[in-house]
């Protein structure tokens, strides 16, 4: 009788362990993706990487040139981090929302990785309900519609599969996949995107993140680190983490903010970076300023007298400024030759606190 009870108890215990293990999300990454995560955590010991969105595909007065970059034209070096956007990949289009071909984006990702740089991808996808862009906030049911049981769930899974196909296509000649920082569902603490704070519940937003993460895992995506990126709205750590989907989903923490008024910008940056530093330490996650900048950079010393003094005080892995639009006059965030802040940007580049592409080649971790 005792042996029988022991056998039954053992069977129940093993069955319970199997059941628990099948309900847990097992995170698998390629070796170089694990290496990237470790580098991001240790990067603040070396300096702060500089990043620029769409850096090598267009700039002020040029479009599509090869081996060109406004940043490189000013300081002689590429950014350490280059960012691109996957918007419209969900629609099966050959070009993204900023009219850059996905083939070109793929080639630039491979080139940046080959040079020793880092790549971040955002995703300004259209609304699956209205068919309009990410900024269409006319319908508050969009997030609910793509979750399990929603009317657009199957459509959305197809959209995620297109993202997965792109991630899985980023393969170097030796067969290794390029590690990527993926930053969807950003600035959700505001309400200007269809996944924003007033457009879905806290739980719906978390479920959107988990659905995205798990579907890409199911499709064999092992070369992605996931970045959670708020705006500057949170006033404390509790607000920052209000819609946080979990440590098993997120790998990097960030926030986005831009300068309009200088004093307000400084206050937003200081508060957000203080929050981010605390949360990063508590959750053992690297942190970054995932988007920032001053449109048209009219301040000739902005780089060394506004941006650098702030970011130098915090353990961030990188700071990234937005794109230099070739189709919208005055919409640029990095200097180009002759721009009023170009000379100051060279000083920013020369600072021992900032890291550009050449610096990364010489780092040892």
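Readers should treat all values here as calculations from the given coordinates under stated rules, not as data from a laboratory. Values in this document were obtained by computation on a predicted structure and should not be read as measured data. In this analysis, Cβ positions are derived from the backbone assuming ideal geometry, glycine residues included, and neighbour counts consider all displayed protein chains.
Of note:
- The stretch 293-365 - Rg over Rh from alpha carbon coordinates, Kirkwood radius: 0.99
- Spread of Cα-to-Cα distances over 10 Å intervals beginning at zero, given as percent, for the stretch 244-293: 26, 49, 21, 4
- Against the rule of thumb 2.2 N^0.38 Å, how large the Cα Rg of the stretch 71-137 comes out: 1.31
- Extending 7 Å from the Cα toward the beta-carbon at both residue 219 and residue 65 defines two label points whose distance is 3.5 nm.
- Helix 153-168 and the longest principal axis of the C-alpha atoms of the chain enclose an angle of approximately 60°.
- Helix 31-42 vs. the chain, principal-axis angle (Cα, 0 to 90°, nearest 10): 60 degrees
- A protection proxy built from the mean count of other Cβ atoms within 10 Å ranks the segments 334-341, 278-285, most packed first, as 334-341, 278-285.
- Reduced Cα scattering model of the stretch 218-321, Debye log10 I(q)/I(0), q = 0.12, 0.15, 0.22 Å⁻¹: -0.41, -0.62, -1.15
- Residue ranges 235-248, 108-121 sort as 108-121, 235-248 when ordered by packing (mean number of other C-beta atoms within 10 Å per residue, highest first).
- Relative contact order of the chain, defined on C-alpha pairs under 8 angstrom at six or more residues apart (%): 22 percent
- D_trans [Stokes-Einstein, Kirkwood Rh over alpha-carbon pairs] for the chain, 20 °C, 1.002 mPa s, µm² s⁻¹: 100 µm²/s
- Helix 262-283 and the long axis of the chain differ in direction by around 30°, with both axes built from C-alpha atoms.
- Over the chain: helical MRE at 222 nm, DSSP H runs n ≥ 4 each giving -39500 (n - 2.57), nearest 500: -11500 deg cm²/dmol
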